1. Based on this model, can you work out whether PHE231 counts as within 18 Å of LEU136 (Cβ to Cβ) and hydrophobic (A, V, I, L, M, F, W, C)?
2. Quickly run through segment 259-274 and pick out the residues that are under 25 Å from ARG315 (Cβ atoms) and either open to solvent by less than 60 Å² (accessible area, probe 1.4 Å) or modelled with pLDDT under 75 (or both).
3. Quick one: would you say ALA454 is surrounded by fewer than 20 Cβ atoms within 10 Å (Cβ to Cβ) and touching a Leu at 6+ places or on another chain (Cβ under 6 Å)?
4. So how many residues does segment 277-290 have that are open to solvent by 10 Å² or more (accessible area, probe 1.4 Å) and in a strand (DSSP E or B)?
5. For segment 405-432, which positions are in a strand (DSSP E or B) and open to solvent by less than 30 Å² (accessible area, probe 1.4 Å)?
6. Considering only residues that are within 17 Å of MET276 (Cα to Cα) and touching a Lys or Arg at 6+ places or on another chain (Cβ under 9 Å), which ones fall in segment 353-367?
7. Just to verify a result, which residue in segment 91-119, among those that are over 22 Å from the mean Cα position of the chain (by Cα) and in a strand (DSSP E or B), is farthest from ALA140 (Cα to Cα)?
8. If you go through segment 433-448 one residue at a time, do you hit one that is open to solvent by 20 Å² or more (accessible area, probe 1.4 Å), assigned to a strand (DSSP E or B), at pLDDT 95 or above and of a type in the set (Val, Ile, Thr)?
Amino acid sequence: MKPRNALILVQLALLPFASQPLSAQTDLQMEVQATTTSGDNTPLWLNANKYGLSSLETTNGHARVGVFRSMDCDSLQRFAFAYGADVAITHHHTSTVVVQQAYAEARWLKGLLTVGSKQQPMQLKNQELSTGSQTLGVNARPIPSVRVELPEYWSVPFTKDFVALKGHIAYGIQTDDRWQKDFTHEQTKYTEHTLFHTKAGYLRLGKPGRMVSLELGLEMGCQFGGTAHLFDKGQPLTVDNDRGAKAFLHAFVPAGGESGEGEYKNKEGNHLGSYMLRLNIDRPAWRLSLYGDHFFEDSSQMLFFEYDGYGEGERWNEWEHSRWFIYDLRDMLLGVELQLKHHRWLDDIVAEYIYTKHQSGPIYHDRTPSLSDHVGGADNYYNHYIHAGWQHWGQVIGNPLYRSPLYNTDGTVRVANNRFVAWHLGLGGSPIDGLRYRLLATWQQGFGTYDYPATAPTYNRSYLVEGSYRFATTSRLHGWSVTAALGIDHGKWTGNNVGAQLTVAKRLRISNR
């Protein structure tokens, strides 16, 4: 993006509030970060889960400035508004000027409307120690959207706060058209003007602060519309996808079919999602949480069954028998988190196990006149045959253990390693006032994809040691913080890398009083 265009976007984001004075809750945030690496790429945990403001280049950095008005300014009012503008000038990133956030928000009672690009946190997982959510993660740049949500749990009437709901619906458009063209050299599949839709709902059973509570969630996403540039045996093929009212409806309720399809109709757009669960046991000295995240690309792993009763011969494409194909539940992210409320040196422990090898099995076969069986396997997580897949600016939108397209050296925008087994451990603590540390260790065994399997399993180990110090309010350096991190990768998944990262930040609360 050109600097002038970036400036215009920021000005437009702030235009509705130009007449509003900066209040005591308006924050000015500044940050400078530098990363240097010995190896092939920036280590995984120095790059991943940073909302896409990161780089694989062995030397990279950014200078960032943002101004934010918090919704807390009007916390006691029925109506409240907030805004944010967050811009970075980068070195060796996918673009020189990054408008990381530019949004305006309005709240009425419990409902919230957000317009623009805003970093949204993960749900039902630890923000610092988890590998990340499989559908709506924090690994890619925010996508400009119009988003309506209940951001906090709303107690269902007459349940005495035992049942509560929250969730969101959003529509937006991806901004990585130019990056895809440059990365592919317009020689492999890429897309332009891709529309984007997400929705999520979460149900909490159990009163807050009580011994046991259960949280259930469903997250779903869809890429649709836009123009896909495909290549059939080297010959270019352009597919203009529908972007009218029906396309928006089919993104919300999966239906319709892709442009140019024949006998076999798939749902319109790249649909995917996750079932999520988190069981919390809360005691005075500790809090234990057990959680799961099951990912699905289509109905085979969403519903675990599909119709398989087609006829034979001329009736090969007609429903004739009461017969169904049942799929196994194998792929899962399973985690446990233990929070120690009275321990400073070690107050948070997260352990996760991720298995994605199954993907409904290795066989995909649609019914034909000679063989009427329908088996919908080989799901190919995060990839799609028309759209560029579950990525934005080269970083996967979900969990970064699915290797992002940025790692590819063949100019393809695809996730080349989506079948893997991984173990992960995260530790965090605050041994003294102002100091926070975290330790991450991940072991991963990869098998490529069903279409392009690895000739032998590839192994990878990734580590992070990070410490952050925030100066006290009584210090002359109040508002300043310094973060130093060391990252290490070893293996064929991400390369052999050793990197160091230093971040210096300043937060200033502006008052006009």
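1. When the stated conditions are applied, PHE231 does not pass them.
2. GLU261, GLY262, GLU263, TYR264, LYS265, ASN266
3. Judged against the criteria, ALA454 is not a match.
4. Looking only at that region, the number is 9.
5. Of everything in segment 405-432, those that are in a strand (DSSP E or B) and open to solvent by less than 30 Å² (accessible area, probe 1.4 Å) turn out to be PHE420, VAL421, ALA422, HIS424, GLY426, GLY428, GLY429.
6. The answer is TYR355, THR356.
7. TRP108
8. No - not one qualifying residue is present in segment 433-448.
The values are calculated or read from the model by the stated rules, or taken from the named source; none is laboratory data. Everything numeric here is computed off the predicted structure, so don't read it as measured data. FYI the Cβ positions are ideal-geometry reconstructions off the backbone, even for glycines, and counts take in every protein chain you see. Remember, those area values only see protein heavy atoms, side chains included, never the ligands or the DNA or RNA. Shrake-Rupley method; radii C 1.70, N 1.55, O 1.52, S 1.80 Å.
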